[in-house]
1. For segment 12-28, which positions are part of a helix (DSSP H, G or I) and either at pLDDT below 95 or over 13 Å from residue 48 (Cβ atoms) (or both)?
2. Any idea which residue in segment 33-82 is modelled with the lowest pLDDT, counting only those that are of a type in the set (Asp, Glu) and surrounded by 17 or more Cβ atoms within 10 Å (Cβ to Cβ)?
3. Taking segment 1-55 on its own, how many of its residues are closer than 20 Å to residue 65 by Cβ, in contact with a helix residue (DSSP H, G or I) (Cβ under 8 Å, 6 or more places away or on another chain) and aromatic (Phe, Trp, Tyr)?
4. Look at segment 10-32 and say how many of its residues are touching a residue at least 12 places away in the same chain (Cβ under 8 Å), under 18 Å from residue 92 (Cβ atoms) and exposed (fewer than 14 other Cβ atoms within 10 Å of the Cβ).
5. Is it fair to say residue 89 is closer than 23 Å to residue 22 by Cα, touching a strand residue (DSSP E or B) at 6+ places or on another chain (Cβ under 7 Å), at pLDDT 95 or above and polar (S, T, N, Q)?
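The values are calculated or read from the model by the stated rules, or taken from the named source; none is laboratory data. In this text, all values refer to a predicted model and were calculated from it rather than measured experimentally. All Cβ positions, even for glycine, are placed from backbone atoms using ideal geometry, and neighbour counts span all protein chains on display.
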Amino acid sequence: MSTKYRRDGTPYPEGNEGLFQWAKDAESFAYRIVKQETLPNGYWVSTVWMGLDHNFARMFNPDLPPLIFETMVKNPTGRWEDFQERYSTENDAIIGHLEAVEEYSKK
């Protein structure tokens, strides 16, 4: 079973207890959303907590940090851009969000 992580990066307990705690947090829109905004040019930047480790390289190197946050961008037509960044900490996710906003504000 994969390890699940809270927004502060601490792991949930193993087994059903942790699964149920993660699921409860994942149901909360306020808990999942780090930042979301529509830019004046119509691009939408979304940064969310996933809680599931998306750092697949950890299979080969468990010393790597888990990637539990993600930023993605939709263009003005509503299609996802070819942009996806993942982060280990909420602080890194916020910085990444701001960088994506800056990049897509120029389009």
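1. Residues of segment 12-28 that are part of a helix (DSSP H, G or I), as a first pass: 15-27.
Matches in segment 12-28: 15, 16, 17, 18, 19, 20, 21, 22, 23, 24, 27.
2. Going residue by residue through segment 33-82, those that are of a type in the set (Asp, Glu) are 37, 53, 63, 70, 81-82.
Subsequent filtering for residues that are surrounded by 17 or more Cβ atoms within 10 Å (Cβ to Cβ) retains 53, 70.
Values: 53: 93, 70: 98.
Going through the qualifying residues, I end up with 53.
3. Number satisfying all stated conditions: 2.
4. 0
5. Details: closer than 23 Å to residue 22 by Cα: yes; touching a strand residue (DSSP E or B) at 6+ places or on another chain (Cβ under 7 Å): no; at pLDDT 95 or above: yes; polar (S, T, N, Q): yes.
Answer is no for this residue.
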